[in-house]
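The values are calculated or read from the model by the stated rules, or taken from the named source; none is laboratory data. Since this is a predicted model, take the numbers as computed values, not measurements. Reconstructed Cβ throughout: ideal geometry from the backbone, glycine too, with neighbour counts over all protein chains shown. Note: accessible area is taken over every heavy atom of the protein model, side chains too, but ligands, DNA and RNA are not part of it. Shrake-Rupley method; radii C 1.70, N 1.55, O 1.52, S 1.80 Å.
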Amino acid sequence: MIDATDSSYYIDDKYLSKLFSTLCKELTFRIKRGGWKVKYRIAVVFSKADQYKIWKYRKRLKKFMSMNFPYTQNVFQEWSRDGYCIVEYFSCSAFGMRGEPPQPNVTSGVNGSIADPIAWQPFGLASAIYWLSTGKIDARLL
């Protein structure tokens, strides 16, 4: 899970790509050493999708990834080309959206909370887990 709002401050894309590259090498080593015929599913989940920065890309997450995390995206693309994993992108929000046009359902400030509990509709919280389990994307969970 990657915090979609912190791509330039808290999370450095080059650092993140090194972490995932190390994971890739370790899993590949284990697969080859064990002689397994396994394909891993990697679900990249962007949190805080209720924020405009990612909300506008919620249906184009590969584009969002290439714009905000290009080095990390290259690692995932390389990993997919090796044939050991399948990568899919998801977004989620615990707060959800409300109204039309959609606005984040969160109060402002450091300690945000759900602004309108009656209108609370989180989204995407189960979609990645479902895909990891089944390999299928269910539009009702997005």
inquiry  = In the range 46-66, whose amide N lies under 18 Å from the spot 7 Å out along Cα-to-Cβ of Glu100? List them in ranges.
reply    = none
inquiry  = 5 Å is the cut-off here: which amide hydrogens, built 1.01 Å from N in the peptide plane, fall below it relative to Ser91, excluding neighbours closer than 5 in sequence?
reply    = Phe46
ask   = When you take every Cα atom in the chain, what is the radius of gyration, and what is Dmax, the widest Cα pair distance, in Å?
value = 16.7, 54
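Which trypsin sites (Lys or Arg not before Pro) from the range 50-83 combine a DSSP loop assignment with at most 13 other Cβ atoms within 10 Å? Spell out each step's value before the answer.
On the way: sites: Lys53, Lys56, Arg58, Lys59, Arg60, Lys62, Lys63, Arg81; in loops: Lys56, Arg58, Lys59, Arg60.
Those that pass, being in a loop and sparsely packed, are Lys56, Lys59, Arg60.
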query = Between Arg41 and residues 5 or more places away or on another chain, which pairs have amide H atoms under 5 Å apart, with H built 1.01 Å from N, and which residues are they?
reply = Ile86
request  = Only helical DSSP H runs with n ≥ 4 go in: add -39500 (n - 2.57) per run for the chain, normalise by residue count and round the 222 nm mean residue ellipticity to 500 deg cm²/dmol.
outcome  = -11500 deg cm²/dmol
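Hey, what's the chain come to in accessible area per residue, 1.4 Å probe, Å²? Each step should come with its number before you reach the end.
Numbers: 9160 Å² over 142 residues.
Normalised by residue count, the accessible surface of the chain is 65 Å².
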note = Expressed as a percent, the accessible surface of the range 1-130 that is carbon or sulfur, using a 1.4 Å probe and the full set of protein chains, is 54
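Mind pulling the per residue volume of the convex hull built on the Cα atoms of the range 77-142? Å³ is fine. Walk me through the intermediate numbers first.
Values: hull volume 9.0 nm³, N = 66.
It comes to 137 Å³ per residue, whole-number rounded.
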request  = Rank Tyr84, Ile42, Leu23 by how far each Cα sits towards the positive end of the charge dipole of the chain (+1 on Lys, Arg Cβ; -1 on Asp, Glu Cβ) and give me just the farthest.
outcome  = Tyr84
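So which DSSP H runs in the chain come out at 27 Å plus along the axis (Cα) with average Kyte-Doolittle of at least 0.5?
Working: long enough: 13-34 (31 Å, -0.39).
The answer is none, since no helix passes both cut-offs.
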ask   = Using a Cα distance threshold of under 15 Å, what count of lysine pairs results for the chain when pairs must be 8 or more residues apart or interchain?
value = 6
